Amino acid sequence: MDLWRLHIFCKVVELRSFSKAASSVYLSQPTVSSHIKDLEDHFECKLIDRLGREVAPTKAGLLLYGYAAKMIALKENAERALAEFQGKVRGHLTIGGSTIPGGYILPPLLGEFKQAYPEVTVTLIESDTAGIIQDTIEGRVELGIVGAKAREAQLVQEKVMDDEMFLIVPKGHKWAATGHVRLEELIKEPFIMREPGSGTRKSIEQVLDQSGHWFGHLNVVAEMGSTEAVRQAIKAGVGVSILSECAVGDELAARSLKKVGIKGMSFQRAFYLIVHKHRTQSPLCHAFVKFLKGKRRRAGSKHKTSS
């Protein structure tokens with residue numbers, strides 16, 4: 001038994017597929033199957049069940065996965081700590097971003113981070129807020145950036161970015177030339193909503209609740225699983241929606257979509273950095289958190305200077 005085999009085993013468990021695991025570690029599928037068979041021979045028990053197109057760990061496999069993940073994390077932390085001791089930041093960092101941070105905010109920030117630390121590789125996992133919270137709890141990501149506060153006691157969270165959402169309509173819409181509409185007008189209009197678990201949806205619900213209205217008052221005609229799907233549905237005339245301005249920046253510049261305010265309501269929110277309270281952060285994770293906080297401080301100083 002060696003760490004490389006355990007690493008392959010963990011990939012099979014996490015990706016629930018031999019072919020996907022093989023692709024992620026640049027091996028052939030038969031080679032991955034052979035490594036899993038060697039582990040099963042070593043422990044004298046079945047570790048993986050094949051369930052049609054997917055695979056799942058057996059109870060023994062789940063037990064091994066818990067220990068294997070810790071061993072691999074410890075190895076990576078040792079390598080990073082020694083690299084940091086020598087004045088180098090290197091290694092692999094897996095982070096999670098809910099739809100808006102993962103799709104629009106983190107990619108350019110990761111580009112800057114890579115310029116500062118060229119020996120670092122990063123995996124960005126994108127999901128809705130609920131998914132990233134669960135990934136952070138279960139250790140699939142070291143840190144996450146999400147669009148709503150987490151209630152889970154296992155997590156530590158800190159505000160790292162501000163955001164503002166607007167009512168977004170297609171260019172030919174009756175409200176496209178108006179600056180603001182009343183909520184009473186909006187609740188009659190076909191509305192496209194993000195799926196349950198989305199930070200965008202939670203923020204909309206909170207703002208409506210604070211203003212004495214109920215989410216159910218909206219005339220929801222469709223639910224979409226991504227901001228991109230909502231954006232395309234608005235263009236197609238399915239309805240209107242409330243989205244982060246950064247998610248439709250290109251369309252607003254091209255005037256294919258228009259933003260409209262809602263009188264008496266502000267859809268401002270924050271994005272939160274979350275980490276597991278009881279997991280030791282790697283030196284690389286610390287470096288990225290420090291980078292994010294530095295960006296926030298510089299943005300705050302710039303705002304104060306300009307105002």
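The values are calculated or read from the model by the stated rules, or taken from the named source; none is laboratory data. What you see is a predicted model, and the numbers here were worked out from it, not measured in a lab. When we count neighbours, we look across all protein chains shown, and the Cβ atoms used for this are built from the backbone with ideal geometry, even at glycine.
For segment 130-158: of the residues being more than 26 Å from Ile72 (Cα to Cα), modelled with pLDDT under 90 and not aliphatic (A, V, I, L, M), which is surrounded by the most Cβ atoms within 10 Å (Cβ to Cβ)? Checking each candidate, the answer is Gly147. Looking at Val169, Val156, which one is in contact with a strand residue (DSSP E or B) (Cβ under 9 Å, 6 or more places away or on another chain), among the aliphatic types (A, V, I, L, M), part of a strand (DSSP E or B) and within 20 Å of Ser266 (Cα to Cα)? None of the other options fit; the residue is Val169.
When segment 47-80 is filtered for residues that are exposed (fewer than 14 other Cβ atoms within 10 Å of the Cβ) and either on the phi > 0 side of the Ramachandran plot or of a type outside the set (A, V, I, L, M, F, W, C) (or both), the ones remaining, listed by number, are Asp49, Arg50, Gly52, Arg53, Glu54, Lys59, Gly66, Tyr67, Lys70, Lys75. The set of residues from segment 79-115 being in a helix (DSSP H, G or I), modelled with pLDDT under 85 and not acidic (Asp, Glu) comprises Arg80, Ala81, Leu82, Ala83, Phe85.
Quick check on Glu76: is it among the charged types (D, E, K, R), farther than 23 Å from Leu15 by Cβ, outside the structural domain of Cys246 (by TED's automatic domain parsing) and assigned to a helix (DSSP H, G or I)? Here the answer is no, as Glu76 does not meet what is asked.
Residues in segment 1-17 that are crowded, with 17+ Cβ neighbours inside 10 Å, in contact with a strand residue (DSSP E or B) (Cβ under 9 Å, 6 or more places away or on another chain) and over 12 Å from Lys37 (Cα atoms): Val12, Val13, Ser17.
Scanning segment 206-228 for residues that are among the hydrophobic types (A, V, I, L, M, F, W, C) and either modelled with pLDDT of 85 or more or closer than 25 Å to Ile105 by Cα (or both) yields Val207, Leu208, Leu218, Val220, Val221, Ala222, Met224. Kindly evaluate Thr121 against the criterion of being of a type outside the set (D, E, K, R) and surrounded by fewer than 19 Cβ atoms within 10 Å (Cβ to Cβ). Here the answer is yes, as Thr121 does meet what is asked. Acidic (Asp, Glu) and within 31 Å of the chain's Cα centre (by Cα): is that true of Asp38 in this structure? No; evaluated as a whole, the condition is false for this residue. Beta carbons closer than 6 Å, at least 6 apart along the sequence or on distinct chains, pair a first residue in segment 207-224 that is in the same structural domain as Leu183 (by TED's automatic domain parsing) with a second that is among the acidic types (Asp, Glu) for Phe215/Glu205; Glu223/Glu195. Considering segment 250-265, and only residues there that are in contact (Cβ under 8 Å) with a residue 60 or more places away in the chain, surrounded by 12 or more Cβ atoms within 10 Å (Cβ to Cβ) and not charged (D, E, K, R), the residue that is nearest to Trp175 (Cα to Cα) turns out to be Val260.
The sole residue among Asp38, Asp49 that is over 29 Å from Ile145 (Cβ atoms), out of contact with any Gly (no Cβ under 7 Å at 6 or more places or on another chain) and in a strand (DSSP E or B) is Asp49.
The criterion of being over 21 Å from Ile187 (Cα atoms), assigned by TED's automatic domain parsing to the domain that holds Thr200 and in contact (Cβ under 8 Å) with a residue 24 or more places away in the chain does not hold for Ser241. When segment 116-153 is filtered for residues that are charged (D, E, K, R) and part of a loop (DSSP other than H, G, I, E, B), the ones remaining, listed by number, are Glu119, Asp128, Glu138, Arg140, Glu142, Lys149, Arg151, Glu152.
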